[in-house]
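The values are calculated or read from the model by the stated rules, or taken from the named source; none is laboratory data. Treat the numbers as computed from the prediction; the structure is a model and nothing was measured. Glycine gets a Cβ as well: all are built from the backbone with ideal geometry, and neighbour counts include every protein chain shown.
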Ligand SMILES: [Zn+2]
Ligand SMILES: [Zn+2]
């Protein structure tokens, strides 16, 4: 038995199993996926942009992003598919961050590490100084 939860899409209370959405919404999402996929599959539509897909199918933009993120719609087959970077909203085709945000995050991380290791080094030197002082004291 799953636990009761609110559907992420329609907010209705349902028995949560694998999905965060209720069965009805799931069915609807699958139907929407087929609509989008059937549209894109046509040769003329392969290069459609998200905006064109939304206009042609009536499927919600965020749902199309979700399909791309889940790799159900592959940008390798449909070259104009992309979804926004979680940080700066730039269009990307894989992961959750664009390249510049990834680089920036990495730099922030390196900087953070550097600051931390300087702090640690400072602590270590302080300790060594204390030991040294104690050692000297013992010798006396
Ligand atoms: Zn629902
Ligand atoms: Zn970004």
Verdict on residue 71 being within 16 Å of ligand 1 (Cβ to nearest atom) and either surrounded by 12 or more Cβ atoms within 10 Å (Cβ to Cβ) or in a loop (DSSP other than H, G, I, E, B) (or both): no
Report whether or not residue 76 is within 23 Å of the chain's Cα centre (by Cα), loosely packed, with under 12 Cβ neighbours inside 10 Å and within 16 Å of ligand 1 (Cβ to nearest atom). no
Name every residue in region 24-42 that is near ligand 1 (Cβ under 9 Å from one of its atoms) and under 24 Å from the mean Cα position of the chain (by Cα), in order of residue number. 25, 26, 28
Would it be correct to say that residue 86 is surrounded by fewer than 10 Cβ atoms within 10 Å (Cβ to Cβ), more than 16 Å from ligand 1 (Cβ to nearest atom), within 28 Å of residue 8 (Cα to Cα) and in the same structural domain as residue 19 (by TED's automatic domain parsing)? no
Residue 29 fails exactly one of (1) surrounded by 12 or more Cβ atoms within 10 Å (Cβ to Cβ); (2) more than 30 Å from residue 102 (Cα to Cα); (3) touching a strand residue (DSSP E or B) at 6+ places or on another chain (Cβ under 7 Å), namely (3)
Of all residues in region 36-67, count the ones that are in contact (Cβ under 8 Å) with a residue 24 or more places away in the chain and either over 26 Å from residue 86 (Cβ atoms) or outside any helix (DSSP H, G or I) (or both). 6
